Amino acid sequence: AGDTSDVEEVAPPPPPPRTALAARDGEQEVQATASTGGLLNLPHARALCPSAPFRAPQGAFAKRPLHGNAEACSRCYCYICDAPARECTQWQSDYQKAPSHCNAHDRLTKWRKLRDGAKRKRQCAVAV
């Protein structure tokens, strides 16, 4: 009953990484590089949502919502508007000249240009 020869002592697992935030010199944006709760608990771009799969066609610029991209969790942000997805007025657009922001991601130059243009508009609106 008191024999412990078959018992192996195991060290507790290491603690999970803490959230690490970093901003480049001169920039106001902060980028999360690690989190104990994952992206599910932090605001994140729709394309990075861990609970709603995102699909982007390779090399294509889709203007209408694709493959369930319009689905978003409560922490999803619009990549273009930099606002919660539920507040984006172009999340699902049927207007050909206004692409659906739910399809936006950082891997396509055209989406990055739209984001930069929207950011400049927001900065000009604040400056006035």
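What follows is calculated from the coordinates using simple rules that are stated; it is not laboratory data. Note that the coordinates shown come from a computational prediction; the quantities given were computed from them, not determined experimentally. Don't worry about glycine lacking a Cβ; one is built from the backbone with ideal geometry, like all the others, and counts go over all protein chains shown.
Want the number for K97 to F61: 0.36 nm per residue separation, take away the alpha-carbon distance, what's left?
Full-extension gain reported as 11.8 nm.
What size of dipole, in debye to the nearest 20, comes out for the range 87-128 about its Cα centre when the only charges are +1 on Lys and Arg C-beta atoms and -1 on Asp and Glu C-beta atoms?
With Lys and Arg at +1 and Asp and Glu at -1, about 280 debye.
Quick check: net charge around P84, other residues with Cβ under 11 Å of its Cβ, Lys/Arg +1 and Asp/Glu -1?
Result for the local shell: +1.
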